[in-house]
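The values are calculated or read from the model by the stated rules, or taken from the named source; none is laboratory data. Here the structure is a predicted model, which is why all the values come from computation and not from measurement. Every residue, glycine as well, gets a Cβ built from its backbone with ideal geometry; the counts of neighbours run over all protein chains shown.
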């Protein structure tokens, strides 16, 4: 676990608006994603907020396009991936979003970090698939982001994995 912490602590993307993300210690593990702007901790970003943003960008470039871009980031979300390559690819993906380029860049970095954090949690069974299920429900199935963010709360892992498998992931 110490090696993973060292590896991931090297990843703290910084953006042109003087904001950044870092892994910090949460209540029980070192996998909390913290958002900073101007060197100060900002309000935590929730799944609901992330899903709403993806939906908003989907209105401009197409929901399936946003989903495909998310899946490309999802596929890179594992410990050991080349973090420089992650940043390079996210920046390339974000260029397609025009005026939303910076916001999409930040959002995809945030989602990447959250998915890696899910994979790292001790005893995690579902891991990053939980995030993909929520994004799929919002962008492909048209479910309200608030519902998608909460519908897996208190649901058995086996059932969530079944829902994921049913959707092909």
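General observations
- Residue in the stretch 99-110 that is part of a helix (DSSP H, G or I), free of Cβ contacts under 8 Å to residues at least 12 places away in the same chain and closer than 26 Å to residue 23 by Cα present: yes
- Between 47, 69, 82, the distinction of being surrounded by 13 or more Cβ atoms within 10 Å (Cβ to Cβ) and farther than 21 Å from residue 147 by Cα belongs to 69 only.
- Selection from the stretch 144-169 of residues that are part of a loop (DSSP other than H, G, I, E, B) and buried (at least 17 other Cβ atoms within 10 Å of the Cβ): 152
- Each residue in the stretch 117-139 was checked for being part of a helix (DSSP H, G or I) and either more than 13 Å from the chain's Cα centre (by Cα) or at pLDDT 90 or above (or both), and 12 of them qualify.
- Of all residues in the stretch 42-64, those satisfying the criterion of being more than 18 Å from residue 95 (Cα to Cα), touching a helix residue (DSSP H, G or I) at 6+ places or on another chain (Cβ under 8 Å) and in a helix (DSSP H, G or I) are 47, 48, 50, 51, 52.
- Of all residues assigned to the stretch 137-147, none qualifies as being closer than 22 Å to residue 26 by Cβ and touching a residue at least 24 places away in the same chain (Cβ under 8 Å).
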